[in-house]
Amino acid sequence: FFLEHCLPLTFNHEAPEVSGIDGIMDVYSSAIKQVQLSGPTMFAPVIRLAADYARNACTQQSQQYFSLLIITDGIINDMSLTIDEIVAATELPLSIIIVGVGEADFSDMDRLDADDVPLIDTHGNVMKRDIVQFVPFSKFAGADATELAAETLEEIPRQLVSYMALKGITPNKPTQLNAFKMGVERSQLEIETGTGASASDAKFAVPINA
């Protein structure tokens, strides 16, 4: 038995990544049968890990931006450390989305959202920009899933732009792709029918290897 506050669902710290939502659900379904959930609830370790992924990942030539999703019942036992990690992460290409589940007191999550009062860490440093979005799941009970998605992702574009402006990074020119190396990916297109693709399918085009 061991306690860990930032456990990869693959149980492998060297290979924590999976592919797509199906991959996430598969490893979650497997992991939940093998672990015992318990307190205390710590946010700082997972934010620190996400920050490590984002650190040095975005340059003018290679532009990347990361988002961390935290689903919580509202309890947090390392508030000061969490604020320290968030304030430090405001200089990184990272956004944090917190979804609150249940009817608990989410006042701490509202504080982390920092829409009204900027976060200040234990060393007196003020956050450089807003990177946290808190969404109470109960607010969308019975609503269309697209409404929850829209609220959850609402601040990401502005946060991305604010980071690029902070670092003086401008958009690169679009990459020109060889027409002979283009494939068409379309959810409703059945290649077997012989329907083929037309010019109208261009918006679905993705690069493939020749």
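Computed over protein heavy atoms with a 1.4 Å probe, the accessible surface of the stretch 4-159 works out to 58 Å² per residue. Shown for the stretch 1-118: the carbon plus sulfur share of the solvent-accessible area, taken with all protein chains present and a 1.4 angstrom probe, equals 54%. Annotation: amide H of SER95 within the under-5 Å range of PHE66, SER67, LEU68, sequence separation 5 or more or interchain, hydrogens built in the peptide plane.
Do you know the relative contact order of the stretch 1-155, to the nearest whole percent, from alpha carbon pairs under 8 angstrom that are 6+ apart? Normalised by residue count, the contact order of the stretch 1-155 is 19 percent. Neighbours of ILE131 by Cβ distance under 13 Å: Lys/Arg scored +1, Asp/Glu scored -1, total -3. Based on the Cβ-Cβ distance of ALA141 and GLU14, what FRET efficiency does E = 1/(1 + (r/R0)^6) give at R0 = 30 Å, to the nearest 0.05? The pair ALA141/GLU14 has a calculated efficiency of 0.15.
Treating r as the C-beta distance of LEU7 and LYS173 and R0 as 41 Å, the FRET efficiency rounds to 0.50. Counting only the heavy atoms of the protein chains, how much of TYR163 is accessible to a 1.4 Å probe, in Å² to the nearest 10? Roll a 1.4 Å probe over it and TYR163 shows about 10 Å².
On the basis of the beta-carbon distance and an R0 of 41 Å, SER107 and GLN64 show a calculated FRET efficiency of 0.75. Taking 7 Å steps out from each Cα toward its Cβ at ASP52 and ASP116 produces label points 3.6 nm apart. Under Stokes-Einstein, with the Kirkwood radius over Cα pairs as Rh, the value for the stretch 56-177 at 25 °C and 0.890 mPa s is 156 µm²/s. Using a cut-off of 10 Å between beta-carbons, work out the net charge of the residues near VAL87 (Lys and Arg +1, Asp and Glu -1, VAL87 not included). My count for the surroundings of VAL87 gives -3.
The values are calculated or read from the model by the stated rules, or taken from the named source; none is laboratory data. The structure displayed is predicted, hence computed values, not measured ones. In this analysis, Cβ positions are derived from the backbone assuming ideal geometry, glycine residues included, and neighbour counts consider all displayed protein chains. Side chains included, ligands, DNA and RNA excluded: accessible areas come from the protein's heavy atoms. Shrake-Rupley method; radii C 1.70, N 1.55, O 1.52, S 1.80 Å.
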